Amino acid sequence: MEINASSVRELAEILRDTELTEIEYETEFGRIRVAKELTVAPMQMSQPVANAAPAPSASAPLAQQQEVASSGAPDWSTHPGLIKAPMVGTSYLAPQPGASKFVEEGASVAEGDTLMIIEAMKVMNPIKAPKSGVVKAVIIGDAEPVEFGQPLIVIES
């Protein structure tokens, strides 16, 4: 095949009609190479939830406590049965979606019972009851981000 405009068109049609990205053809008259220019859509990078919000300042817990106090909800921050988050992650109040919760307000729990799960880096970490008692309050919601030291559940002996 002689290399001319029609041979270039033929090679371009072959590229268009196949999954090939490049064709090279060589004869005694010369060599021709036809290639597709691949366009790649830019990937959308999602931000981790932890980076989406600015880091809490030292006055943030005080502001949250004042907000809770002014809203009429009880202030559990000084309660001796308060269980705080031992790590950063995502709270889950049930073992799987659609299942019944580990505990509800008013439920009796024994020391060592699982109260909830905190998922951190794809690892499910059970939060166990440190003592027996009655669940007075479940402060955190299901599938919510959790910060270290954040109040989770209150148990009264």
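The values are calculated or read from the model by the stated rules, or taken from the named source; none is laboratory data. Here the structure is a predicted model, which is why all the values come from computation and not from measurement. Positions of Cβ are backbone-derived with ideal geometry, glycine not excepted, and every protein chain shown enters the neighbour counts.
One residue stands out among those in segment 9-60 that are more than 30 Å from Gly89 (Cβ to Cβ) and among the small types (Gly, Ala, Ser): the one that is modelled with the lowest pLDDT, which is Ala41.
Taking (1) under 28 Å from the mean Cα position of the chain (by Cα); (2) free of Cβ contacts under 8 Å to residues at least 24 places away in the same chain; (3) part of a loop (DSSP other than H, G, I, E, B) in turn, Pro126 satisfies each apart from (3). Of all the residues in segment 84-109, those that are in a loop (DSSP other than H, G, I, E, B) and surrounded by 11 or more Cβ atoms within 10 Å (Cβ to Cβ) number 12.
When you go through Lys136, Lys131 one by one, which is the residue that is among the charged types (D, E, K, R), modelled with pLDDT of 95 or more and part of a strand (DSSP E or B)? On inspection, the qualifying residue turns out to be Lys136. Scanning segment 94-127 for residues that are farther than 17 Å from Ile140 by Cβ and touching a strand residue (DSSP E or B) at 6+ places or on another chain (Cβ under 6 Å) gives Ser108, Gly112. Checking each residue in segment 139-157 for being assigned to a loop (DSSP other than H, G, I, E, B), in contact with a Lys or Arg (Cβ under 8 Å, 6 or more places away or on another chain) and crowded, with 17+ Cβ neighbours inside 10 Å picks out only Gln150. Would you check which residues across segment 110-138 are surrounded by 20 or more Cβ atoms within 10 Å (Cβ to Cβ) and closer than 12 Å to Val154 by Cα and list them? Passing the criteria: Leu115, Ala129, Val135, Val138.
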